[in-house]
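Following: one structure in structure tokens, then a few remarks.
Bear in mind that the values in this text are calculations on the coordinates, not laboratory data. Nothing here was measured: the structure is a model prediction, and the numbers come from that model. With ideal geometry, Cβ positions are generated from the backbone for all residues, glycine too; neighbour counts draw on all protein chains shown.
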Amino acid sequence: MNSELLGVILMFVLTLALAIPFGKYIAKVYEGEKSLLDFFAPLENFFFRISGIDAKKEMNWKESMVALLTINLVWFLFAMFILMNQGWLPMNPDHNPSMSSDLAFNTAISFLVNCNLQDYSGETGATYLSQLVCFTFLQFVSAATGLAAAAVVFNALKARTTKDLGNFYNYFIKSLTRILLPISVVVAILFMMNGMPMTFDGKNTISSLQGGTDTVSVSTGPVAAMIPIKHLGTNGGGFFGVNSAHPFENPNYFTNIIEMIIQLLIPMAMVFALGYYLRKKKFAWMIFGVMTLGFLCLVIPNMIMEQHGNPAIAKMGVDMSAGAMEGKEVRFGTPASAYWSIVTTVISTGSVNSFHDSFMPLSGMNEMLAMMVNAFYGGCGVGILNFFIFIIIAVFISGLMVGRTPEFLGKKIEAREMKIAVVVTLLSALLIKGGTALASYWFAANPVTHAGWLNNPGFHGFSEMLYQYTSSNANNGSGFEGLGDNTPFWNITAGFVMILGRFLPIIGPVAIAGILANKKYIPESAGTLKTDTVTFGVMIFAVIFIVTALSYFPALVLGPIAEYFSMIH
Amino acid sequence: MAKRQRNTALFQKELVNEALVQSFVKLNPRIMFRNPVMFTVEIGTAVMLYVTVYSMMSKDTSEGSVGYNFSIFVILFLTLLFANFAEAIAEARGKAQANSLRKTREETPAKKIIANEIKVVSSSSLIKGDVFICETGDIIPTDGEIIEGIATIDESAITGESAPVIRESGGDKSSVTGGTKVLSDKIKVQVTTEPGESFLDKMIALVEGASRQKTPNEIALTILLAGFTLIFTIVCVTLKFYADYAHTSITIAAYISLFVCLIPTTIGGLLSAIGIAGMDRALRANVITKSGKAVETAGDLDVLLLDKTGTITIGNRKATNFYPSVGVDNEKFIADCVLSSLSDETPEGKSIVELAKSQGAKTQATDALLKDARFVKFSAETRSSGIDISNGVRIRKGAFDAIKNLCEKAGNQLHRDMEVKVKEIASNGGTPLVVSENEKVVGVIELQDIIKPGISERFERLRKMGVKTVMVTGDNPLTAKYIAGKAGVDDFIAEAKPEDKMNYIKKEQKLGKLVAMMGDGTNDAPALAQADVGVAMNSGTQAAKEAGNMVDLDNDPTKLIEIVEIGKQLLMTRGTLTTFSIANDVAKYFAIVPALFITSIPALQALNIMHLHSPASAILSAVIFNAIIIPMLIPLALKGVTYKPIGASALLQRNLFIYGGGGVLIPFIGIKLIDMAVAFFI
């Protein structure tokens, strides 16, 4: 128990220790300062030259967003093509079929938007070509998209008045060459040294212990190429169906530690990058403090609940001393699994090393809460953008509370910014609650036709549906599983939730930042509310708590909370 | 100061009656539509009326009993009335305040000049450009500008100040206000406003809501509140489908109750009352604002430009010391000073005589000398004044360099110690007044500014609010620096010309600061217009009053400080009540959500942490609490949250604790208490 707990603490401390210097490095990259990896410059220039992009041309926020949406549209069409034709395209030693159009739609979007909700299973549903040129490629570029958008916001928050927010393509390419690629290569090598496969040979045939003719086919593939970026880019889409619970995707406790660290690394580092970039380290620590408080409020109860196990099962005389081990890997144990369950949901990875469906009801609720907030560290680049929206609302309310028109980093927050912040906040409530309502309605209206949807009807079934839309909206991609989600209904509705849940929450903060950047800069005075204080941190936390609790309380009551009280009664 | 008695009671009987009537008038959906939060409550109320009638007619109890539905309907209706009442009472108070100012000027006879003849007409028939005459004892019929003559005027009806003031044509004090009374002399006045368009009329229109536009901040807040309303709409609509899934039926009354309780009705109902009360508070401070935005901007001010005289120092300088030159007899010197000042009517001159008397100088002996003396008035050219006595002695007193020139022209070098003394006085914040007799310097009088008691504490308070104070003075930089340091202002503009103010304002604005200034003269007008908040004195010229966005009826230069606090209070009241309103929802959820599901999911009884009596009583209690919290907060909305200059972070901490923490806790207690009462009836 103690060593298990120590393992968790070690993972967190190591991540933090790496995130601080890495944040400084990221800030340097976006500021265009000299750094270790400048030898990539010729490669970057080559890309700019062949695509005819002037990487020095300043763009305003609208131009940046047009660029972002354009390149995303191109990738979407590309991914659709590959997935719907993978059956006859090369690199398909296992002879897996092409995807149906609704599954391809869901999958293409899912990887495009950094969600990686997988309604297919990697072993049988995707070819090596799809895994590499479609999934792994999109995992890189979707992470870089989020980072580049965050870089635009960083630039906009500088103390000056301007429309020019740097060049989006430049941020994008540099996110790839200077941040994502180098680390992925190093980590891939570490993974291969720990037994992760990297092969194009197709299924392996292995003799079972019985020997003789009793053989099993074991799926392999170019796994080590995908898994680093799967975590580093907070993507979470695994090579195999069971994700990081699969021994080839997560061979041992050491790889578990690495996977854990690299998925939290960039979301944490971006906070410090903001601090270095704006020369406001204290502000960054305030944000980090709020995020960490939120994270701990979710992860500690989960570890305790999972450690305690299920009282209903204990009543049946089953020993629960190892915790609730259903759906968990013995090699990781309950603390590391519970820790992973929250890490993967606060940030938008959504990879799993245990099955969320089997967690205690309130642990499941915490996982959903983590995704509903989606800003305690949050996804690669986008986490800080989501947090930015909460900052705007908190600044507005607290500015009023101290008797001054609200201002943030020297810029006044007015009606237009509030409108955007409100729309973004509203949107996630609408997508999650609306989606779940639609599914509930459909299910309640035709319980027989849709019996295949839910493995567990009742409260838990409700949680499964709620989780699916929460995960889609948060671009998380983890599933409560137990949900028969490869149907046109789920593929299409979740697909739309993913698109809207991805792009509007990126455009919103960038728009706010762009509008703010264009406003007159007002230097701080004694009457200005300082945003780098503990008090303001408490204010942001209160805003996050209230907005989330008020939006989702009734839904959570009918899902995990009702399940919990039924369980203990 | 004999301030006019003001009625400060929050709820006066006649105002309450008027507000009650208005509460019903405002139920008109077209008026209600301006307030999205309350408008949705009105829709909910209408639906409940329908449900009540339906359950009465059809005897169908699937939507709850008639009594229950009717109770919910009544409470929602009351919620609407309470919110309307809050707005109406704020309006009524503002209007009453403005009317009491306006009353004095209604239907007074005016001596209008028509083709060189005086004709008595009613004041209401005067239009802009008309000219009328006012003589001793006349009430001035309307606002105007003196074009001929000088008069002492009693402005106590407007300002509450009993001491009469002098108004004369041509200068910066040429403006007269309707309702004030001429005490002496005769003036010819040109009307400057159309009937119904005076500042007071504008203010009344603002308060009445006819021309009241939402301020930018109010708009932003309304968006946030509308956002919350939409989130709760989503919550309530989707809940229907979740309930279907959970095989639970929820009555329409319960849905609407949940919805009304969750949306921020408290702040939604009080929002316009808070805005009106802000303008009303300004009016109570005797400041007329031309827009609600100006009050709000006042709370944001970064820089205040304050005239030294009258604001920082008491009126005029006073003589504090006599320093004779080397070789001049002290008594002889004082005698010269007295001689030159006896006919000098300026406050400085009087103070010299006073000081001399207090040092034992005899003034009777000099009376004889004054008989055929010729008094030389101060002029901008000579920058000195004095007296030519019949025995041929010429005494002059004036600025150092003016007297120095005068003496040097006559070939008299002045003593070096005089120069030293003059510098010493100046660097101590005093003004040296050099005296010469027959073009020979005999000594120097030290004049000192008297800084108003308590003023440096007020500047300290402003500094804590984050407001920078700037003293504007015509003094030389040395004197200005000394007084600035002593009074505790942050910066000063010395030897200020009108355009210096303008340039300073522009410079600060370029840095993103909001600047306020006070002024009265026509030459102040451009700067008043340039400033973000320009407060014109009521005694000032029409041009100044047009240029500024506030008019101070008291002509009190320290009023800016009060205005800043009123602005801050306005914003704070909005912010704290928003926080309170939204924090309330936590308790309301715990009251209503278990009530909705307890019958079909008994395990959820555990969420009923308040142990409310029954689902019906829980819902009723939550709705009742939601309704009565509005009238309970009306006094706070009208008076405003107290502002304390303790720094923004400390203030946030305090308000977050009181209104955020209180907002979470109070409804738990309130709903429980109401539930205990409601349990008796059902």
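Karplus-based coupling profile of region B:434-448, in residue order and whole Hz: 8, 10, 10, 10, 6, 6, 10, 5, 10, x, 9, 9, 9, 9, 10, with θ = phi - 60° in 6.51 cos²θ - 1.76 cosθ + 1.60 and x standing for Gly or Pro.
Three principal axis extents describe the C-alpha atoms of chain B; from largest down they are 115, 60, 42 Å. Looking at chain B, the DSSP beta bridges with both ends there are about 75 percent antiparallel.
Label point of residue A:204 set 7 angstrom out along Cα-Cβ; within region A:120-146, amide nitrogens under 19 Å from it belong to A:122-124, A:128. Rg of the Cα atoms in region A:1-127, relative to 2.2 N^0.38 Å, amounts to 1.51.
For region A:442-510, what number results from the quotient of the Cα radius of gyration and 2.2 N^0.38 Å?
1.21
Whole-percent P(r), region B:321-476, all Cα pairs, 5 Å bins from 0: 2, 9, 17, 20, 19, 12, 7, 6, 4, 3, 1, 0, 0.
Using a simple charge model, +1 on the beta-carbon of Lys and Arg, -1 on the beta-carbon of Asp and Glu, nothing else, what dipole does region A:3-568 show about its Cα centre, in debye to the nearest 20?
On the way: 31 positive and 32 negative charges, 499 e Å.
Here region A:3-568 has a charge dipole of around 2400 debye.
Only helices at least 27 Å long along their axis, Cα-based, and averaging 0.5 or more on Kyte-Doolittle count here, so list those DSSP H runs from chain B. Membrane-span-like by this rule: B:36-58, B:66-103, B:216-245, B:265-284, B:559-597, B:615-639. If the label point is 7 Å along Cα→Cβ of residue B:500, which residues in region B:311-334 have backbone nitrogen under 17 Å from it? Inside the label zone: B:311-313.
Could you pull out the longest piece of chain B with no exposed loop GluC sites (Glu not before Pro) in it, calling a site exposed if DSSP puts it outside H, G, I, E, B and it has at most 14 other Cβ atoms within 10 Å? Please report the intermediate quantities before stating the final value.
Details: sites that count: B:106, B:107, B:135, B:197, B:345, B:381, B:495.
The segment B:496-682 is the longest one with no such site.
Coordinate range of the alpha-carbon atoms in region A:183-330 per principal axis, descending: 67, 49, 20 Å.
Over 10 Å intervals from 0, what percent of Cα-Cα pairs in region B:419-486 sits in each interval? Bins of 10 Å from zero give 19, 38, 25, 12, 5, 1 percent of pairs.
For region A:449-569, just say rounded, prolate or oblate: build the C-alpha gyration tensor, square-root its eigenvalues into a ≥ b ≥ c, call rounded for a/c under 1.5, and beyond that prolate if a/b exceeds b/c, oblate if not.
Working: a/c = 4.72, a/b = 1.78, b/c = 2.65.
Since a/c reaches 1.5 but b/c is at least a/b, the shape of region A:449-569 is classed as oblate.
Counting Cβ atoms of other protein chains within 10 Å of each Cβ in A:516-529 and taking the mean gives 5.
May I ask you to compute the full-extension gain from residue B:357 to residue B:669, defined as 0.36 nm times their residue separation minus their alpha-carbon distance, rounded to one decimal in nm?
105.1 nm
When the Cα gyration tensor is reduced to axis lengths a ≥ b ≥ c, the ratio a/c is 1.5 or higher for region A:190-269, and with a/b above b/c it is classed as prolate.
What's the longest piece of chain B with no exposed chymotrypsin sites (Phe, Trp or Tyr not before Pro), counting a site as exposed if DSSP puts it in a loop and it has at most 10 other beta carbons within 10 Å?
It runs B:1-679.
With 30 Å as the limit, write out which pairs from A:519/B:452; B:308/B:644; B:26/B:559 have Cα-Cα distances beyond it, or answer none. Going by Cα-Cα distance, A:519/B:452; B:26/B:559 fall outside the 30 Å limit.
Take the cross-link list A:282/B:507; B:13/B:639; A:280/B:468 and give me the ones stretching past 28 Å between alpha-carbons. Violating the 28 Å Cα-Cα cut-off are A:282/B:507. Across region A:3-568 the C-alpha pair distances fall into 10 Å bins from zero in the proportions 4, 18, 29, 28, 15, 5, 1, 0, 0 percent.
Using the Kirkwood radius over Cα pairs, work out the Stokes-Einstein diffusion coefficient for the protein assembly as shown at 37 °C and 0.692 mPa s, in µm²/s as a whole number. Mind dumping the intermediate values first?
Numbers: Rh = 35.4 Å.
It comes out at roughly 93 µm²/s.
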